Amino acid sequence: MQSLEQIKVRIEQAVPGACVVIVANDALPTQSSLLLDHRHAVDVARFLRDDPELCFDYASNVTGVDRPESIIKEKVRVKKMVDGAECLIEEVSERKTRAYLEAVYHLYSMKLKHGPLIIRLQTENREEKTHLPSLTPVWRSCEFQEREAFDLFGILFDGHPDLRRILMWDGFKDFPMRKDYVDPDDYEYEPTPHDEVLERAKQHYKPEVQS
Amino acid sequence: MEITPSENNSVMDEALRSELSKQGVFTTSLQELYNWGRKNSLWPLQFGLACCAIEMIAASMARFDISRFGAEVFRPSPRQADLMIVAGTVTKKMAPQVVRLYNQMPEPKYVIAMGACAISGGPFKQGYNVLKGIDRFLPVDVHIPGCPPRPEALLDALMALQKKIEQQSLTGVTRPRHLTEDARSEFPIPEFGEHDLVPSKNPELWFPPTPMKKP
């Protein structure tokens, strides 16, 4: 399989105007991925599928990811003049990350036996602009998995042929896999509660469960 | 189940009865005959919800052979079944259908909750999508712990249910539900709500457990 840089260059040649960003992955498997823009995502996907050298004919997996807003603290050592002498002072800088939802696609080629190529699509935010282009017209296997991402994360896939809830019932209003989901409070007594369950136990049975 | 002797049954002296049976004279009462028939032809409803169903199927096959207890006739229709074996995880999406199936069974009917999921939600108890025990909506006769319980455990539960049936007297306050005229045989089916099942439990049937006191 060609490297991600090569694939990126070829996409930009084949689909004019497409904006492709390589998202680095520092974790052990080092599977970096390609971040696509909404406008050209379907064209890029079609190119990845139809190009004879890439030929990604199989989308094995579609996952939703929830990225809520978080504050990252970084310690930076800065040289400063204090009382005429130069010394190192640690400064803590804070930065907020953007809140968004993400859909991750894992692509393989059955014909050329290579893969996976990971592509990502990110929504603008988590609240109202949660639209993404659907890749179901390109890979039919995305249909149910995009429905699942819609069901559990609330990502709205534009162009999906049948976007309904698939695991939860139709009248359900929440998106249970989001980080800020609060599940219905039907706690019942457990003899050995721990962690979050212990917190709930304290709320429900105040003096008895303390250990 | 607690048995309280009533005036109507077992009028015959036990010693006389054993003496008669030694002489080849078999005596019985209508109650014994009735219970004997009931307990030895428990026809289960043929449905499974998760991996416990595999153990239930194993129990019905030759190696464990549930037909030794007269319960091998798995019926695909609730109208012909006496026993509901809730074998597996009851998700909130599935719970109304399980209750509806129970309501469609004719009296007398019994429920065995098989496995950790069916009795309490099991490993999925803290999840958002699994019912925390079918006893929130149905009157369960026998609970089987285990994940999944072995077929022997299911057979043991069946024997426990048979003992329970055998000890029921047909008259008096402890008579079975189907012999009580005003007893209800149907239970309300929960609706799909916006966040959870509505209601999330049957308050007439299920009460939250009280905490154990520390020794």
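Through the Karplus equation 6.51 cos²θ - 1.76 cosθ + 1.60, θ set to phi - 60°, convert the phi angles of segment B:85-91 into ³J(HN,Hα) values in whole Hz; use x for Gly and Pro.
For segment B:85-91, the Karplus curve yields 9, 7, 9, x, 5, 9, 6 Hz.
For the protein assembly as shown, what is the percent of antiparallel DSSP beta bridges, rounded to the nearest 5?
Around 70 percent antiparallel, to the nearest 5.
Restrict the search to segment B:127-196; then list the trypsin sites (Lys or Arg not before Pro) that DSSP places in a loop and that have at most 16 other Cβ atoms within 10 Å of their Cβ.
B:184
Exposed loop sites here are GluC sites (Glu not before Pro) in DSSP loop states with at most 13 other C-beta atoms within 10 Å. What is the longest stretch of chain B lacking them?
B:8-180
Based on the mean of other Cβ atoms within 10 Å per residue, sort peptides B:58-65, A:40-47 so the most packed one is first. Working shown, then result.
Numbers: B:58-65: 14.9, A:40-47: 20.4.
Taking the mean over residues of other Cβ atoms within 10 Å, the ranking is A:40-47, B:58-65.
If you take the beta carbon distance between residue B:189 and residue A:125 as r and set R0 to 35 Å, what does 1/(1 + (r/R0)^6) give as a FRET efficiency, to the nearest 0.05? Before the final figure, lay out each step's value.
Details: r = 39 Å, r/R0 = 1.12.
Working from the Cβ atoms, E equals 0.35.
Report, largest value first, the span of the C-alpha coordinates of chain A along each principal axis, in whole Å.
Largest first, chain A extends 67, 67, 32 Å along its Cα principal axes.
Provide the descending list of Cα extents for the protein assembly as shown along its principal axes, expressed in whole angstroms.
Per principal axis, max minus min of the Cα coordinates gives 110, 66, 38 Å.
List the trypsin sites (Lys or Arg not before Pro) within segment A:106-168 that fall in a DSSP loop (any state other than H, G, I, E or B) and whose Cβ has at most 13 other Cβ atoms within 10 Å.
A:111, A:113, A:129, A:140, A:164
Just checking the output field for A:195-205: average partner chain Cβ neighbours within 10 Å of each residue's Cβ?
1
Once you have the Cα-Cα distance between residue B:160 and residue B:54, take 0.36 nm times their residue separation minus that, and quote the gain in nm to one decimal.
Length difference between fully extended and current span is 36.0 nm.
Whole-Hz Karplus ³J(HN,Hα) for segment B:155-160, in order, using 6.51 cos²θ - 1.76 cosθ + 1.60 and θ = phi - 60°, x for Gly and Pro?
My calculation for segment B:155-160 gives 5, 5, 5, 5, 5, 4 Hz in order.
Return a whole-number percent for the relative contact order of segment B:9-117, with Cα pairs under 8 Å and 6 or more residues apart as the contact set.
26 percent
State the Cα centre-to-centre distance between segment B:5-74 and segment A:154-206 in whole Å.
For segment B:5-74 versus segment A:154-206, the Cα centre distance is 44 Å.
Taking 31 Å as the cut-off for C-alpha to C-alpha distance, list the pairs among A:75/A:129; B:22/B:164; A:79/A:179; B:93/B:163; A:202/B:201; A:96/A:173 that go past it.
Result: A:75/A:129; A:79/A:179; B:93/B:163 exceed 31 Å.
Taking square-rooted eigenvalues a ≥ b ≥ c of the alpha carbon gyration tensor, is segment A:1-97 rounded, prolate or oblate, where a/c under 1.5 means rounded and, failing that, a/b exceeding b/c means prolate?
prolate
Would you pull out the residues with amide H under 5 Å of residue B:83's amide H, same chain only if 5 or more places away, H placed 1.01 Å from N?
For residue B:83, whose amide H was placed from the backbone, the distant partners under 5 Å are B:43, B:45, B:110.
Since every read-out is calculated from the coordinates, none of them should be taken as a lab result. All of these numbers come straight from a predicted model, not from anything done at the bench. Quick reminder, even Gly has a Cβ in these numbers, built from the backbone with ideal geometry, and neighbours come from all protein chains shown.
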